[in-house]
Amino acid sequence: MASNNQRTELYNQIWKIANEVRGAVDGWDFKHFVLGALFYRFISENFTKYIEGDDDSVDYAKFPDNQISPAIIEDAVKTKGYFIYPSQLFVNVVKNAEDNENLNTDLAAIFTSIESSANGYPSEQDIKGLFADFDTTSNRLGNTVENKNSRLVSVLKGVKGLKLESEFENSKIDFFGDAYEFLIHKYAANAGKSGGEFFTPTNVSQLIAQLAMHKQEKINKIYDPAAGSGSLLLQAKKHFDNHLIEEGFYGQEINHTTYNLARMNMFLHNVNYDKFHIELGDTLMNPKLGNEKPFDAIVSNPPYSIKWKGSDDPTLINDDRFAPAGVLAPKSKADFAFVLHALSYLSPRGKAALVCFPGIFYRGGAEQKIRKYLVDNNFVETIIALAPNLFYGTSIAVTILVLSKNKIETKTQFIDATGENFFKKETNNNVLYDKHIHEIIRMFDTKEEVTHVATTIDNSRIVENDYNLSVNSYVEPEDTREIIDIEKLNSEIVLTVQKIDKLRADIDNIVKEIES
């Protein structure tokens, strides 16, 4: 319950800031300013902690900027990836914010300075553009400098007042990811946004990370081809010893805002710049991490049934990722394109756990041919149907596909985790708790038969069933209908009819007496 209490308190604090800064700022835009300020506070405190080195006699915030030597700056950038002068620290800026008539332009200059500190160093691409969405000079904050500064002061003071644990990586919740997800949930409907910016709840991320890294004592690196805000990658860090992931965290994200958020999230969880590599771009059409494959663990929640070029680009059928299947995913539904991409990047010893739209497991055409390729080559280890309403913004019941290249038996496991034993309803959403995740992982590990819940079948049955991979095609649902005793029911009906006949006769007699 501690994590739920933390999360509730965080939500209440953030919403309080939102209410205090209401006005000309659209809610959808406002989230960038809150999260930007939150990130600014974090890297300031994190950098201060690094410089002070747990020496209580050192107070970096009080150092004069001109006393910082070039050697200290260079060492800091090589280690942390960036440099922040004492005067640029969040604590110093917020202290004088109300009296600073140039607050908005001063903040813009500070953010530029922090990003520019990495120029020419290995961290340059990891730092560049991090504050792009925290545009303190934007007219979205107000039409006058005074209005801009007034709202910035409110945001900075609000973030200063947030009760955050000193070390994010030891927190029971993902402060940054949860804050972003909360703001998306609050604002999306009113702002008329679609589900394009879609985020995986922490509890579902935990399950996916554990599936992908199951029984692997160590992995070379972990990859998410649709990284979003990086929550799936970071769940792997939370649930396993830091030394288990040897070379770090890799991902690609097409949306510029969430690309920045993913990089911020890495810093927020003390993943140093040399331990993550997040790229911006279209994973399907312009993959940028091909030279880094293979990966021992792949996790992803790619966008559901989006359009892509597919057969409109004749070169794609010869792409190493799609050629082995002999067919491309439909132009109107790119789901299996992401699946084949992940499979191509997976190492011979690794596992991939992917959130998928249920329709891809039973539809015909090209998708059926891709399922045939996956089954005939024995790449499908397990398919898990989850309960509906686990995600913000959609009530859809999603399915997790677990791929493996080192299967021995030509069998496939199906788990139906849609029942009430696998979630708890909370307000408008269903939630996976640790006990639910533990039970799913236990069945995944043992491959035991659980009536109405889990079964493992020979792939020949799937072939006979035209390569249908829907869970409900193989896991027989429990019949919860009430068993009715027909003989007893008939006896009750006879007695009821007799009572009705007697009642009618009594009424007829009463009517006759009245008439006479």
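The values are calculated or read from the model by the stated rules, or taken from the named source; none is laboratory data. None of the values given here were measured: they were computed from a predicted structure. Here Cβ is always computed from backbone atoms with ideal geometry, including for glycine, and neighbour counts include all displayed protein chains. Ligands, DNA and RNA are stripped out before the accessible areas are found, and what is left, the full protein with its side chains, is counted by its heavy atoms. Shrake-Rupley method; radii C 1.70, N 1.55, O 1.52, S 1.80 Å.
Within region 347-373, being open to solvent by less than 50 Å² (accessible area, probe 1.4 Å), assigned to a strand (DSSP E or B) and of a type in the set (D, E, K, R) holds for one residue alone: Lys351. The residue of region 292-326 that is nearest to Gly359 (Cα to Cα), among those that are basic (Lys, Arg) and open to solvent by 30 Å² or more (accessible area, probe 1.4 Å), is Lys307. Mind checking which residues of region 374-404 are assigned to a loop (DSSP other than H, G, I, E, B), at pLDDT 95 or above and surrounded by 16 or more Cβ atoms within 10 Å (Cβ to Cβ)? Passing the criteria: Asn378, Phe379.
Applying a threshold of 6 Å to beta carbon distances and a minimum spacing of six or more residues, or different chains, the list of pairs starting in region 268-296 at a residue that is farther than 24 Å from Asp313 by Cα and ending at one that is in a loop (DSSP other than H, G, I, E, B) and of a type in the set (Lys, Arg) reads Phe295/Lys221. Regarding Ile457, is this residue surrounded by 12 or more Cβ atoms within 10 Å (Cβ to Cβ), touching a strand residue (DSSP E or B) at 6+ places or on another chain (Cβ under 7 Å) and within 20 Å of Glu381 (Cβ to Cβ)? Criteria met by Ile457. Taking into account only those residues within region 113-140 that are assigned to a helix (DSSP H, G or I) and under 29 Å from the mean Cα position of the chain (by Cα), which is farthest from Asp75 (Cα to Cα)? Among those residues, the one meeting the criterion is Arg140.
For region 222-230, the criterion of being at pLDDT below 85, buried (at least 19 other Cβ atoms within 10 Å of the Cβ) and not in a strand (DSSP E or B) is met by at least one residue. Take Asp274 and decide whether it is open to solvent by 50 Å² or more (accessible area, probe 1.4 Å), modelled with pLDDT of 90 or more and over 26 Å from Val402 (Cβ atoms). For Asp274, the condition - open to solvent by 50 Å² or more (accessible area, probe 1.4 Å), modelled with pLDDT of 90 or more and over 26 Å from Val402 (Cβ atoms) - is met.
Per-residue answers, yes or no, for (1) out of contact with any Ser or Thr (no Cβ under 7 Å at 6 or more places or on another chain); (2) more than 30 Å from Asn377 (Cβ to Cβ); (3) surrounded by fewer than 12 Cβ atoms within 10 Å (Cβ to Cβ):
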position	(1), (2), (3)
Tyr433	yes, yes, no
Arg442	yes, no, no
Lys447	no, no, no
Asn490	yes, yes, yes
Gln498	yes, yes, yes
Asp501	yes, yes, yes
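Against the numbered list (1) in a helix (DSSP H, G or I); (2) open to solvent by 20 Å² or more (accessible area, probe 1.4 Å); (3) out of contact with any helix residue (DSSP H, G or I) (no Cβ under 6 Å at 6 or more places or on another chain), Ser87 comes up short only at (3).
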